[in-house]
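Below you'll find the structure, written out as C-alpha cells, and then a few comments.
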Amino acid sequence: MQPTSAAFKQRSRQAIANPVLQKALQNIRPGFQQKRAKAVAQLPEFEALRDEARDLKNHVLAHLDVYLQRFEAKVQESGGQVHWARTAGEACDAVLGICQAAGATLVTKGKSMVAEEIGLNSRLEAAGLTVVETDLGEYIIQLRHEMPSHIIAPALHLTKTEIAAAFMQAHVDLPADRPLDEPRALTDEARLMLRQKFLGAQVGITGANLLIAETGSTVIVTNEGNGDLTQNLPGIHIVVTSIDKVVPTLEDASTILRLLARSATGQEFSAYTTVSTGPKRRGDMDGPDEFHVVLVDNGRSSILGGPTQDVLRCIRCGACMNHCPVYAAVGGHAYGWVVPGPIGAALDPGMIGLEEARHLPHASSFCGRCEEVCPMRIPLPKIMRYWREQTFTRKLDPASARYGIGAWAWLARRPRLYHWTTGLAARTLGLLGGRRRRFKWLPMAGGWTAHRDLPAPEGRTFLAQWRAEEKRRARAGAP
Amino acid sequence: MVDTPPQHSPEAPRRVALFVTCVVDFFRPTVGFAAVRLLERAGCKVEVPPTQVCCGQPAYNSGDRAAAIAVAKDVVAAFDGYDHVVVPSGSCGAMIRVHYPKLLGDDPDWGPRAHRVASRTHELVSFLTDVCGVDSVADLGTAGTVTYHDGCSGLREMGIKQQPRKLLASIPGLELKDMLDAEVCCGFGGTFCVKYPDISGEMVRKKAETIAQTGAAMVLAGDVSCLLNIAGKLSREGHKVEARHVAEVLAGMTDVPPIGAAKGE
Ligand code: SF4
C-alpha cells in the first residue's frame, strides 16, 4: 500500500470539516470505550493479565527465530507449507504463485491488515483474479475503493447512509426500491451477495491474530463467521500474516485472547475463535486441501532489537485508537497508512520511513490515554517521543520550528534576560488585554486564536511580584 | 535510587521550594500566591528560588533532547537542597518527577542530584493532602457548582484524581459536578496546540461543550496551561463559565478576575 502520511496536516483538516466522518466518529464512545470499560471492570485479574502478556511477548521477541522455526516445522509436520517473505513484493508473489498454480480465478478474503499493508488485493487483481472481501467492513470499503480507517472496524468512518448508497450502486441486480435503512437489511444483503462467492472461490485468504509455535496452528477471531467460510470452503487456504504474531503455546494464546476481545470490543471472547492446523486430514469432514502460511517481515526484523521494539508486542486490538482524542478528531484515513492512531504513530515511522510519517508521532498531545488502555503495555508516548527526537536530530522538521526551540532554549538558560523579557511582555500584554482580559487575535499566535481566545496575562509576572513581596515581608519582619 | 525526604518535626517546618512554572509566572501569578498561601497554612516555609525559568517541556516534547537536558540541569541546580519541591501543575511536576531521571539519570554527576530532586517533587494539591495531611480548607466564601478537568500528566503520571476533589468537597456550599470525559485531554499539549492547531481546536471544542453541559458556574483544573486553552474556547463560544486554577478556590482568592475574562462577566 502506498502511504500518504506526509499529507497528514491537510487530510486532518479535511477530516475535521467532514460532517459524515464526524458523525461516524461519535460511535466510538458508546461502541468501544464504554464496552471496554465494562468488560475490564468485570475481570479482576485484567491488570495482572496485561503484565503476563507483556512479559510473554517480550520473551518471544527475544527468541523470535527459535519460535518461528518451531512454528514452521510444526506447520510442515501437519502437512502445510510456510513461505517466508522479506518484503511486501515477495509476499504478494508468494500468494499470487499459489493462486496461479491452482488456476484460481475467484479469491475470497477475510480481514487482514497485513494483506492491506502489502497491497495484496491490487496485486492479485492486476494479475486478473477477482478478490472479494468477506468481512462486512472490508466488503464495504472494497465497494467504495477505500482503505480501512480502523484496524478492527475498517468502515468506521461511514454511517449506514453511505453504506446503503454503496450497496445500491454495487448490487445492480437487486430491486432499486428495496429498503436499506436498517443495519439488519444491510447485513442480510451482504450475506446474500457473499454466499455465492464463498461457494465459488478456489482460494480463501485469511490473516491471523496469533500463530502457535508448539502446534503450528494459526488463530483468527471474528464476529461474523466469515473467516471460517473463507478458509473452509475453497480448496486452498492461505494465511497471510507477519512474523510478530507467534506465541509459544496454546496456553499463551489464550492469555492474549482474554485481553484481545475485551480491549477491542468489550467482549469476553469474540463470537468465533478459529484454530487452524494444516490441511484436511483423512477422515476430516471439511477443511482445505492445501494450507499455506505466508510469513511477512516487511521491515519488522529491522525494528526488532531497536529502541522501538515494544511496538512488536501489538496485538492490533484497536484500544489505543479507540481512546485517542486525536484519532477521535480526525479518524483513520488522515494517518495515511494502514495502521492509524497511537500505534500507527509509534509503528509507521519504522515501517514506511520517518520522512513519510514524521507528522504522526508529533500529532499527539502526549495525553497518555493510549498507554493507559493498551493491553500489551506498549509505552506509546515514549516511542513517539523517540521518533520526535529522531526527527530533530535528522533535521526533518521545518527550520522555523527548530530555530524557535533553539531561541527559546537560549533564552531559558539566561534567567536574568529571560525574566526581563517575559516581565516586559507580560506587562505589555496585560495592558493590551483591556477590560475583557483576552485577545481575539494576536500576531504570531494565529493558530491559537483561529480556534479560541488567548487569555491575557494578569500584568506583572509572579517572580517580579514575589521580589516585592519578599522585601515587604523582610521589612515587616514576617517569616 | 530512593531518597527519603527529611523527617518532618513540628518544630522545624518543611522547607519547600516553589517551582511556579513559566506559564503561571507569565499568565497567572495569582496561582503562585495561592500556592504560597496554601503551603504556609499547611505549616511550610516557602522559598521561591529566583533563577527558576521553565521545566524544559517545550524542548523535550519537540525532540530537542540536548536543550531539554540543559534546562533540566538548571532546574536541578536551582532546586537541589530543599526538603520538597512543589509545583502548581501536574504537567511540569511530572516533567521533573518522572522525566528528569530519564534525561539525567545516566549522567554520573547529575544523575544522583536529578533523582534526589525528582523524588522530592510534588504537585501542589497532592502535596497538601498526601504529604502535609491536609484534609479540608477553610470556608472562604466560594459557593456554587464547579466542575473539574483532570489534566493528563497530573492524572496519569502523578496519580492526581481524588486529592483536589477531596479538598473541594470540604468547602461548604460548593457542589462538584463531574463533566463527561473529565479525563480526556483538552487539546493543549504544549507545542502540539501550535503545530496542529486544527486538531487541538477540535479537542478543546469538545471539552468546552462538555463543561458547558454540566451547567457549572466554574471550571477548575490543576494546570494553568489547560485552563488558558479551555477559558479561551469557553469565551470564544460565548459560554459564561469562569475558569480558575483549583488553588485559587482552595486559597479563597476568587476575588481576582477569572482566567481570560473580566470579573463578573
Ligand atoms: S498498541 Fe496496544 S492498544 Fe494499540 S492496537 Fe496495539 S495492542 Fe491494541
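Quickly run through region A:396-429 and pick out the residues that are more than 8 Å from chain B (Cβ to nearest Cβ) and of a type in the set (A, V, I, L, M).
The answer is A:LEU396, A:ALA399, A:ALA407, A:LEU411, A:LEU417, A:LEU424, A:LEU429.
Given the condition more than 19 Å from B:PHE188 (Cβ to Cβ), more than 9 Å from chain B (Cβ to nearest Cβ) and basic (Lys, Arg), answer yes or no: does some residue in region A:430-452 qualify?
No, region A:430-452 has no match at all.
Go over the candidates A:VAL95, A:VAL66, A:VAL40, A:VAL60 one by one and state the one that is of a type in the set (Val, Ile, Thr), closer than 30 Å to B:VAL204 by Cβ and in a helix (DSSP H, G or I).
On the way: A:VAL95 fails: closer than 30 Å to B:VAL204 by Cβ; A:VAL66 fails: closer than 30 Å to B:VAL204 by Cβ; A:VAL60 fails: closer than 30 Å to B:VAL204 by Cβ.
Matching residue, one of A:VAL95, A:VAL66, A:VAL40, A:VAL60: A:VAL40.
How do the helices (runs of 4 or more DSSP H) wholly within region A:147-237 filter down when requiring 3 or more residues that are under 30 Å from A:ASP65 (Cα atoms): which remain? Spell out the reasoning first.
Values: elements: A:160-170, A:183-200, A:226-232.
Answer list for region A:147-237: A:226-232.
Restricting to region B:96-145, name every residue that is part of a loop (DSSP other than H, G, I, E, B), closer than 23 Å to B:VAL53 by Cα and without any contact (Cβ under 8 Å) to a residue 60 or more places away in the chain.
Initially, region B:96-145 is screened for residues part of a loop (DSSP other than H, G, I, E, B), giving B:105-109, B:120, B:132-143.
Remaining after also requiring closer than 23 Å to B:VAL53 by Cα: B:105, B:107, B:109, B:120.
Scanning region B:96-145 gives B:GLY105, B:ASP107, B:ASP109.
Would you tally the residues in region A:1-55 being out of contact with any helix residue (DSSP H, G or I) (no Cβ under 6 Å at 6 or more places or on another chain), within 20 Å of A:THR265 (Cβ to Cβ) and among the hydrophobic types (A, V, I, L, M, F, W, C)?
Total meeting the criteria: 4.
Can you name every residue in region B:22-60 that is hydrophobic (A, V, I, L, M, F, W, C), facing chain A (nearest Cβ under 8 Å) and within 17 Å of B:ALA78 (Cα to Cα)?
Matches in region B:22-60: B:CYS22, B:VAL48, B:VAL53, B:CYS54.
Sort through A:ALA253, A:ALA201, A:ALA261, A:ALA208 and tell me the only one that's small (Gly, Ala, Ser), farther than 30 Å from A:ALA62 by Cβ and assigned by TED's automatic domain parsing to the domain that holds A:ALA153.
Details: A:ALA253 fails: farther than 30 Å from A:ALA62 by Cβ; A:ALA261 fails: farther than 30 Å from A:ALA62 by Cβ; A:ALA208 fails: farther than 30 Å from A:ALA62 by Cβ.
None of the others qualify; the one that does is A:ALA201.
Of these, A:ALA101, A:ALA94, which one is without any contact (Cβ under 8 Å) to a residue 24 or more places away in the chain and more than 27 Å from A:ASP252 (Cα to Cα)?
Just one listed residue meets the conditions, A:ALA101.
Pick out the one residue from A:PRO342, A:PRO349, A:PRO307 that is within 10 Å of the ligand (Cβ to nearest atom) and in contact (Cβ under 8 Å) with a residue 12 or more places away in the chain. Walk me through it before giving the result.
On the way: A:PRO349 fails: within 10 Å of the ligand (Cβ to nearest atom); A:PRO307 fails: within 10 Å of the ligand (Cβ to nearest atom).
Residue meeting the stated conditions: A:PRO342.
Can you name the residue in region A:352-396 that is within 13 Å of the ligand (Cβ to nearest atom) and of a type in the set (A, V, I, L, M) and, of all such residues, is farthest from A:LEU49 (Cα to Cα)?
The extreme case among them is A:MET384.
What tally of residues in region B:175-199 results from selecting those that are touching a residue at least 60 places away in the same chain (Cβ under 8 Å) and hydrophobic (A, V, I, L, M, F, W, C)?
Matching residues across region B:175-199 total 1.
Go through region A:453-469 and report how many residues are within 7 Å of chain B (Cβ to nearest Cβ) and of a type in the set (Asp, Glu).
Selection size over region A:453-469: 2.
Quick one: count up the residues across region B:114-128 that are buried (at least 19 other Cβ atoms within 10 Å of the Cβ) and touching a helix residue (DSSP H, G or I) at 6+ places or on another chain (Cβ under 7 Å).
The total comes to 10.
Taking interchain pairs and intrachain pairs at least six residues apart, which have beta carbon atoms under 6 angstrom, with the first residue in region A:395-417 and in contact (Cβ under 8 Å) with a residue 24 or more places away in the chain and the second assigned to a helix (DSSP H, G or I)?
Close Cβ pairs (under 6 Å, with a partner that is assigned to a helix (DSSP H, G or I)) amount to A:ASP397/A:THR391.
Out of (1) within 14 Å of chain B (Cβ to nearest Cβ); (2) away from the ligand (no atom under 14 Å from the Cβ), the odd one out for A:ASN322 is which?
(2)
For region A:259-304, give me each residue that is more than 16 Å from the ligand (Cβ to nearest atom), crowded, with 19+ Cβ neighbours inside 10 Å and among the small types (Gly, Ala, Ser).
A:SER276, A:GLY278
Identify the residue in region B:61-70 that is of a type outside the set (Lys, Arg) and within 7 Å of chain A (Cβ to nearest Cβ) and, among all such residues, is nearest to B:HIS245 (Cα to Cα).
Only one residue tops the list, namely B:ASN61.
In region B:194-265, which helices (runs of 4 or more DSSP H) lie fully inside it and hold 3 or more residues that are touching a Gly at 6+ places or on another chain (Cβ under 9 Å) and within 7 Å of chain A (Cβ to nearest Cβ)?
Working: elements: B:197-214, B:224-236, B:246-250.
Ranges flagged: B:197-214, B:224-236.
Which of the residues spanning region A:326-339 are within 12 Å of chain B (Cβ to nearest Cβ), more than 14 Å from the ligand (Cβ to nearest atom) and crowded, with 24+ Cβ neighbours inside 10 Å?
A:ALA329, A:VAL330, A:GLY331, A:ALA334
Can you name every residue in region A:340-356 that is in contact with a helix residue (DSSP H, G or I) (Cβ under 6 Å, 6 or more places away or on another chain) and more than 14 Å from chain B (Cβ to nearest Cβ)?
A:ILE343, A:GLY344, A:ALA346, A:LEU347, A:ASP348, A:GLY350, A:GLU356
Check region A:156-176 and report whether any residue there is within 16 Å of the ligand (Cβ to nearest atom) and either under 23 Å from A:GLY344 (Cβ atoms) or in contact with an Asp or Glu (Cβ under 7 Å, 6 or more places away or on another chain) (or both). Reasoning before the result, please.
Applying the first criterion (within 16 Å of the ligand (Cβ to nearest atom)) to region A:156-176 yields A:156.
Add one more test, that the residue is either under 23 Å from A:GLY344 (Cβ atoms) or in contact with an Asp or Glu (Cβ under 7 Å, 6 or more places away or on another chain) (or both), and what stays is A:156.
Yes; the residues of region A:156-176 include at least one that is within 16 Å of the ligand (Cβ to nearest atom) and either under 23 Å from A:GLY344 (Cβ atoms) or in contact with an Asp or Glu (Cβ under 7 Å, 6 or more places away or on another chain) (or both).
The values are calculated or read from the model by the stated rules, or taken from the named source; none is laboratory data. Quantities reported herein were computed from a predicted structural model and do not represent experimental measurements. Quick reminder, even Gly has a Cβ in these numbers, built from the backbone with ideal geometry, and neighbours come from all protein chains shown.
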